[in-house]
Every structure is written in C-alpha cells, then in structure tokens.
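Beneath this line is the structure, given in structure tokens, with notes to follow.
Read-outs throughout are calculated quantities, based only on the coordinates presented, and are distinct from any laboratory measurement. Predicted, not measured: the structure shown is a model, and the values here were computed from it. Methodologically, a virtual Cβ is constructed for each residue, glycine included, from the backbone with ideal geometry; neighbour enumeration extends over all protein chains shown.
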C-alpha cells in the first residue's frame, strides 16, 4: 500500500462532526459553568441594593457592560481558536474594550481632583475583587475547557487563554452587580488584573489539557 492509499484508508474511518456541534458544546459548557457561578454568587455575594441607579450613570453602567462585551467577543474568538486554522474578527475587535477603558480612565482623571485619585484607585475592596472574580470564573472555565476537549485547537495554550479571558470577563460581569466601587480607576485596574490572571491560568490549563 502506497502513502496515498494509506491516507485515504485512514480518512475513510473518520466520521465528520455534525454542523454546529462545536458551537453547541461551547454553549453547553458556558451555560453549565454559568449556572455554577450564579449559584456561588447568590450564595456568597448577592446584588447591590442600588442596582437600578446604575443604568443612569455612565461609569457604573460601563462597569457591567464592558466586561460583558469582552466576554461576548472572547467567546466568538474562542470558537475560532477551537478548530484548526480558525479565524475571527473578534480577535481584533476585542482591543476596543481596553481602549474604552482608557478613555473612561482619562475622563475620570480630568473630572476628579488629583488628591482623590489614590482613593479612587484603591477603593475599599481590592482584595475582595481580586479573589471574587477568579473564584466566580472557576465553574465557567471548567465548563469551557471540558467543551473544548471536543474541538481540535491548533494552539492549545492560546485556546485555553481565550477561554480564561471569556470566563474571567463573564465572572467580572456577574461580580460587577455586587461591587460597591464606582470609579473607573478601580475597575479598569483591578477587574483587568483579575481577568488577565484567569486568562493566564486558562492558557496554562489549555496547554496541558487541550493538546491533541
């Protein structure tokens, strides 16, 4: 048997996955993880009492909307990285989120007296933020990584990192409706750090668990 015949023989034994299979797997993993995150959130955190007033304040509204947008773009990007040679415009659009944060921070620095900057940055809950977002992201990251094992990522570490980015951003969105800090200086700094930490963990896990 020559090489071409061998390749054809091996290929004939493969069964193509149904159309949309990977999308359904990722969605299932996300929903399962989100259910776990929601259970944790309502058990140990809960919604802040003045949630309705957030809608009328741009800075507070952005605290929830920007991580939600980041999570959505990360999940679109994740679908592309979960298959060989996958490409997505979300990988470029996602840079709009840090640009929006930079703009919000610049506006805050202009409108806030200089002597109030340190307090706005530190807030009162740095430790709570840096612990809460990674903890809330764990069920989502587990669900996504379990789903991605059904895919075929060309770059497992990148795929895992994008999964971590999506999980961390989703967790930040959930946490934002509990968080009492209102300044963009706070959430642009500490939310970002927490989400990037989850992305880093996702990259490490992806390297080991998503390889072919």
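Being assigned to a helix (DSSP H, G or I) and touching a residue at least 60 places away in the same chain (Cβ under 8 Å) is the filter here, so list the residues in region 123-135 that pass it.
Of everything in region 123-135, those that are assigned to a helix (DSSP H, G or I) and touching a residue at least 60 places away in the same chain (Cβ under 8 Å) turn out to be 126, 129, 130, 132, 133, 134, 135.
Inspect all residues belonging to region 136-148 and state whether any of them is in contact (Cβ under 8 Å) with a residue 24 or more places away in the chain, closer than 20 Å to residue 60 by Cβ and either more than 12 Å from the chain's Cα centre (by Cα) or surrounded by 24 or more Cβ atoms within 10 Å (Cβ to Cβ) (or both).
The answer is yes, given that some residue of region 136-148 is in contact (Cβ under 8 Å) with a residue 24 or more places away in the chain, closer than 20 Å to residue 60 by Cβ and either more than 12 Å from the chain's Cα centre (by Cα) or surrounded by 24 or more Cβ atoms within 10 Å (Cβ to Cβ) (or both).
Please go through region 150-180 and give me each residue that is within 20 Å of residue 51 (Cα to Cα) and over 14 Å from the mean Cα position of the chain (by Cα), ordered by number.
177, 178, 179, 180
Using the structure shown, decide if residue 102 is assigned to a helix (DSSP H, G or I), under 25 Å from residue 204 (Cα atoms) and in contact with a helix residue (DSSP H, G or I) (Cβ under 9 Å, 6 or more places away or on another chain).
Details: assigned to a helix (DSSP H, G or I): yes; under 25 Å from residue 204 (Cα atoms): no; in contact with a helix residue (DSSP H, G or I) (Cβ under 9 Å, 6 or more places away or on another chain): yes.
The answer is no for residue 102.
More than 13 Å from the chain's Cα centre (by Cα), surrounded by 19 or more Cβ atoms within 10 Å (Cβ to Cβ) and touching a residue at least 12 places away in the same chain (Cβ under 8 Å): is that true of residue 206 in this structure? Break it down stepwise before answering.
Numbers: more than 13 Å from the chain's Cα centre (by Cα): yes; surrounded by 19 or more Cβ atoms within 10 Å (Cβ to Cβ): yes; touching a residue at least 12 places away in the same chain (Cβ under 8 Å): yes.
Considered against the rule, which asks whether it is more than 13 Å from the chain's Cα centre (by Cα), surrounded by 19 or more Cβ atoms within 10 Å (Cβ to Cβ) and touching a residue at least 12 places away in the same chain (Cβ under 8 Å), residue 206 comes out as yes.
Going through 183, 192 one at a time, which residue ends up being more than 13 Å from the chain's Cα centre (by Cα) and either surrounded by 24 or more Cβ atoms within 10 Å (Cβ to Cβ) or farther than 12 Å from residue 132 by Cβ (or both)? Reasoning before the result, please.
Working: 192 fails: more than 13 Å from the chain's Cα centre (by Cα).
After applying the criteria, what remains is 183.
Within region 62-91, which residues are under 19 Å from residue 147 (Cβ atoms) and touching a residue at least 40 places away in the same chain (Cβ under 8 Å)?
71, 74, 75, 77, 78, 79, 81, 82, 83, 84, 86
Can you tell me which residues in region 26-53 are over 17 Å from residue 139 (Cβ atoms) and either in a loop (DSSP other than H, G, I, E, B) or in contact (Cβ under 8 Å) with a residue 12 or more places away in the chain (or both)? Lay out the reasoning, then the answer.
As a first pass, look at region 26-53 and keep what is over 17 Å from residue 139 (Cβ atoms): 46-53.
Within region 26-53, 46, 47, 48, 49, 50, 51 qualify.
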